[in-house]
Each structure stands twice: as C-alpha cells, then as structure tokens.
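Asker: I'd like to ask you about the structure that follows.
The values are calculated or read from the model by the stated rules, or taken from the named source; none is laboratory data. As the structure is a prediction and not an experimental result, all values here were calculated from the model. Backbone-built Cβ (ideal geometry, glycine too); neighbour counts: all protein chains shown.
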Amino acid sequence: MFELASRARTLPNWFWPAANLTTGCGLYSTTMINWWQAAGGYPGFADAVLAAVLAAGGTAAIRWPRAGLCVAFAAGAVAMATGHPVWPAGLPVLVAVFYVGRRRRTWEAFCITLVTAACGTLLSLRYSTFPNPVVPLWAWVSWTMTAGAFGSVAQSHHLFIASAAAKAEAERAERRRAGRQMITEERLRIARELHDTVGHSLTMISVQSGVATHVLDSDPGAVRFALEHIHEASTAALNEIRTTLGLLRGDEPAGPASGPDESLRSLVDRTRAGGLPVELEVTGDPGGLPAAVDRTLYRLTQECLTNAVRHARHLTRVTVHVEFRPEQVRLEITNDGDPVDPAAVRAGAAAGHGIAGMRERLAALGGSLTAVPPREGGFRVTATMPTGVAP
C-alpha cells in the first residue's frame, strides 16, 4: 500500500493530463454513440457541441468538482429537454458527483449529492419516456448517491494512505535520528575512553621525561628510574588503547583486570612513582561491585590524578578516599594545591573533556559529581554512584 502511494507521487508530469484527456474522450464518445443509436443516424453539429460540453463538464470536475458538476448538469438538462436519452446525458453528471465526493469535505459532498439527486429526479420525471415514474426516480437517486458514496470512500482511502505514508516516513526519520544519536553517543564514549587513557599516561610520561631531562647529567640512577616508569606507563597505555579500540569492533568493554581495591592501589602506586604524592584510603567491602561501576570508579580516579598533575600548583598531597557502601560507592579526591578560582573551574569544565566526561560517565550510571575548590584551597572532586545492590 505504501509502495503504491509512493509510486503515485512519482508519476511523470504528463500522466494526469493524459488521464483527463482520456476521460473526456471516453465521455464524449459514449454520449455520441448513444445519441447516434437513439437517433438512427449521426447527430448534428449542435448535438456534437452539446456532447462536448457534457464531456468537458465531467472532465473539469476532476480538477474543479463543483464547477464541473454545474456545467455537466446544465448541459445534461439541456440534452434531456431537447429529447436526448437520459442515460448518456447523466453519465458526466455521475462522474462529476464522484469527484465532488472525492475532493470535497464529507458534509459538503453529501449536501451537493442530495441536491443533484433531487434535481436530476425532477428532470428525469419531466422528460423520461418510461411509463413507470418509479424507474427514473430510483435510477437517479441510486446512481447519484452511489457515485457520491464511492467518491467519499475514495477520499477516505486516499487520506488513509497519505496518513499511513506520513506515519511511516516519520518512523523512518525517527529511526534515522535514533541511529545518529546512538552513533554520536558511541563516539563520545570512545572519546572519553581515549581521553582518560591517553591523557593520564602521557601526563605521567611527560612528568618522568621532564625529570629525566633535568637530572640527565647529575643523577644517572634517577634517569634510569624515570625511564623505567615511562616504559611502564607507555605499556599500560598501549594495553588500554587496545581495549578501547576493541569497542570499535563491538567487543564488550571490560573493567580493570583486578578487583576495584587492587586496581586503585596499582593506579595510585604508579602515580606516586611518577612523583605525585598520593594517599589512598579505602573503607567498606568492594565485593560484588558491578563491572560498569568498577570501571567508572577507576576512570574517575585516573582523571582526577591526571588533572592534579596537570593543573595543580605547589601541590604537596593528594588524598583519594573511597567508601564502599551496600547501595552506592562514594569517591572523594582532594589536593592541597594553590586556591582555584571557581569561575575558572566552570570555564574549564565547559571547554574541556575532563569534568564533562566524568559527569557523563556518572550520569549513565545514575550518579552525580561535584567539583569545587574548598575554602582552604586546593581542589575537591566528590562522586557518588549507585551499585544496584540492595542493602
């Protein structure tokens, strides 16, 4: 059904004029043939003109229903008054009544059909040659009402097809929009993963390479120590990038290989080895933590430590406090660097991916994040996320 409606909308430009011309020729030919048979000879010029007006009225009703009906009815009345048979004179009128029902509102088409049936019945009773007046009465009423009813049914069918086609198009547009949204969300998710992984590792590599450059001549042992940590950080980054690229192949994202407590301690140890003074405090039992929460907890801690290395000035200590509760996990990371302007924090959150990415991660789990500088200076990030485990 939808294919038919689509094909009807894509018909060539010449189709409907050709259809109208065919309709007009058919009406004219039918009228002339019937009059020829009734007269016993070829009709005269006046009859040909009258038949042409009848056919033109029925054809014009395709585009202008009411005007075409008036022309066809007037020509039909003249034809019956001049002694022509009722049947061919009434055919263009029925075609016009059909298109009135097809193209006008239901109540309007019903009223016009009733008036046409009544007037046609009076003319038929006046000029019909049938001895029984019931025959023309029944014929005109039944034919006219049937033509109007068919027109209304055709209109309803057309409206149904148009509505169904519009609904189908809206559904296709919605599926396309949903598909684009899913692609965008997937890109943002992969961008967050790459940002967290590459950002943290490159920050640690940058710090260690800076230390190695600074003590290259004076302390070869420190250089070796820095290069070892650069190697460890780059190896860890490569492994995590492979995991992230696996998302592009449709692989299921996995959390850290070890448990949440061990993975956080390993992350803190690597960061501390890179020169950042970090203390980890863990309370509660992390057992049974969902993989999505475990991974988000790891990524949030990683991002906060990266931001501390990048942005904090005169930093002497970073505290990571994790509290595992039966119904949620609470993470608080505080550093004691120089005071931070809250306006700068808001501007950075709007322009960068760090805080915004953390909020997106938490929002996906139904959690929340607060990132504000405390009064005593430094910076504090507090995050809570539900575990989905009832207490």
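Asker: State yes or no: is ILE333 touching a strand residue (DSSP E or B) at 6+ places or on another chain (Cβ under 7 Å), buried (at least 17 other Cβ atoms within 10 Å of the Cβ) and at pLDDT below 80?
Answerer: So ILE333 fails the test.
Asker: Something else: GLY288 versus (1) in a helix (DSSP H, G or I); (2) surrounded by fewer than 22 Cβ atoms within 10 Å (Cβ to Cβ); (3) out of contact with any Pro (no Cβ under 8 Å at 6 or more places or on another chain); (4) in contact (Cβ under 8 Å) with a residue 40 or more places away in the chain: which is the lone unmet condition?
Answerer: With (1) in a helix (DSSP H, G or I); (2) surrounded by fewer than 22 Cβ atoms within 10 Å (Cβ to Cβ); (3) out of contact with any Pro (no Cβ under 8 Å at 6 or more places or on another chain); (4) in contact (Cβ under 8 Å) with a residue 40 or more places away in the chain applied to GLY288, the lone miss is (1).
Asker: Give the residue that is farthest from SER124 (Cα to Cα), with candidates limited to residues of region 43-73 that are among the charged types (D, E, K, R) and assigned to a helix (DSSP H, G or I).
Answerer: Restricting to residues being among the charged types (D, E, K, R) and assigned to a helix (DSSP H, G or I), the top hit is ARG66.
Asker: Turning to a different aspect of this structure: If you check THR184, THR203, THR197, which single one turns out to be within 30 Å of ILE355 (Cα to Cα), assigned to a helix (DSSP H, G or I) and modelled with pLDDT of 75 or more?
Answerer: Numbers: THR203 fails: modelled with pLDDT of 75 or more; THR197 fails: modelled with pLDDT of 75 or more.
The conditions single out THR184.
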